[in-house]
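Novice: Starting off with a structure, shown below.
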Amino acid sequence: MPVRIVVPDDFPPALTGSAAEARLRVLGEATVHTERGADREDELIRRIGDAEAVVNIRAHARFTERVLAACPRLRLVSIWGTGTDNVDLAACRARGIAVTNTPGVNAHAVAEHTLALMLAVTRRIPAMDRDVRGGQWPRGLDFGSDRYRAPLSVRAGVRALVWRDLAVDLGAGTGVAWFGNAGYGRESFRVFAGLRWEHIVPAASDDRDRDGVTDLEDRCPDQPGPAELDGCPDRDDDEIPDVEDKCPDQPGPAKNDGCPPPPEQPAVEIETSHLSLKDAINFDTGRDTIRPKSEYILGEIAAVLKAHPELGRIRIEGHTDSVGGRAYNLDLSRRRARAVVRSLVRRGVAAERLTSEGYGFERPVAPNTTPLGRAKNRRVEFTLLQQAEPRSGKDQDR
């Protein structure tokens, strides 16, 4: 069995698309998550719950005792970089989980900096030893000299915001000496000016639109929207946020980027190896309950199957996005496919003609980094497995 490897926190993407990712997929069955959310314990558990090895890219994913307890198969946590502050090392040791460092983007810089410090200290040790043995402080330390007497000054100024995060500083100052000479570096008069850029990053708990999605993760921080749509509104309720919906006031399937299909397009078309649907089959979030608005397309599918017995057996395939762990999505996709089978049987399609399978998030048709891409990946497909007899004439579509 291949090793189950999960990268829970490649956001913004650093590993994705690199040679390291290709090597990682050779080592085992790898899943790379490129969405926000790994800083939340529950979401991190969902992503790595069935992992045997984890490659940690970002330090905001914290491997606490609670997270480790929810991952019974986990045996290795590999940190991309040099620090382990985000890992409970004692809990890993108690559970037999190895923690290692993977050379990352900063490894060379850290090594060079460490080597430079070592050489600098080594160079100064003989001179410092000679001075101390001779009864002197290193560098001739003398608190009575101007060198170690602090220059004091008084300064005042104003700051004006000129554009967004950009400000201008203007001011003046003078040196002071209450106890004799204030030492070298005391100015008689000084003026200063400068430009200041200051961008205030919202706190992790800030939520301006009060939609339950923090501003750090909210693509629409001033417009309330559900978490599954990255905090953005969806006026036409087609599961595609308005910022990505090409027709935000008209519901349409994800494969049409949220726009309704042409009215002359058949609801169901018979292709060589599958059925092509005008609209998508939608489910309640995280469940196998078919939404009422999908009853129409299911009725059309049933009518086509009953009208064309020569199509033979049909495999109904369920697919999900990458939100959640592999086992969770595999189970969800199978349950949704079986729900479609039950719905078609209730509409008169022979049960022996139907079979179902779920593939979880293993066969995406779009990136899972945006709500639109995830909506395209949440789909049900109908594959023609065989035909009872050769078909003649033109296909009759509905």
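FYI, it's all coordinate maths here, none of it is from the lab. Since we're looking at a predicted model, the values are computed, not measured. Cβ sites come from the backbone with ideal geometry, for glycine too, and all protein chains shown count toward neighbours.
Novice: In a shell of Cβ-Cβ distance under 10 Å around ASP39, excluding ASP39 itself, what net charge do Lys and Arg (+1) and Asp and Glu (-1) give?
Specialist: For residues surrounding ASP39, the net value is 0.
Novice: Want the number for ARG196 to GLN223: 0.36 nm per residue separation, take away the alpha-carbon distance, what's left?
Specialist: Gain in length upon complete extension: 6.7 nm.
Novice: Can you give the FRET efficiency for LYS246 and VAL26, using 1/(1 + (r/R0)^6), R0 = 51 Å, r = Cβ-Cβ distance, to the nearest 0.05?
Specialist: 0.85
Novice: Then there's this: What number comes out for the charge environment of GLU65, summing +1 per Lys or Arg and -1 per Asp or Glu over other residues with Cβ under 11 Å away?
Specialist: Here the count lands on +1.
Novice: Can you tell me how much longer the chain between ARG235 and ASP131 gets when fully stretched, taken as 0.36 nm per residue apart minus their C-alpha distance, in nm with one decimal?
Specialist: Extra length from ARG235 to ASP131 when fully extended: 29.7 nm.
Novice: Ok, one more. At 7 Å along Cα-to-Cβ for each site, give me the label-to-label distance between ALA90 and THR383 in nm.
Specialist: It works out to 5.1 nm between the two label points.
Novice: I've got another one for you. Set the Förster radius R0 to 45 Å, insert the Cβ-Cβ distance between GLU310 and ARG210 as r into 1/(1 + (r/R0)^6), and round the FRET efficiency to 0.05.
Specialist: With a Förster radius of 45 Å, E is 0.20.
Novice: Moving to a separate point now. For the stretch 317-332, take each phi angle, set θ = phi - 60°, evaluate the Karplus expression 6.51 cos²θ - 1.76 cosθ + 1.60, and give the result in whole Hz per residue in order, putting x for glycine and proline.
Specialist: 10, x, 9, 10, 8, 9, 6, x, x, 5, 5, 4, 6, 5, 5, 4
Novice: Hey, rough spin-label estimate for THR285 and ARG155, points 7 angstrom out along Cα→Cβ, what's it come to in nanometres?
Specialist: Distance between the two pseudo-spin positions: 5.0 nm.
Novice: Determine the gain in length on full extension of the stretch LEU170-THR100; use 0.36 nm per residue of separation and subtract their C-alpha separation, reporting nm with one decimal.
Specialist: Result for the pair: 20.2 nm of gain on full extension.
Novice: For a Förster distance of 30 Å, can you work out the FRET efficiency between the beta-carbons of THR272 and ASP331, rounded to the nearest 0.05?
Specialist: 0.45
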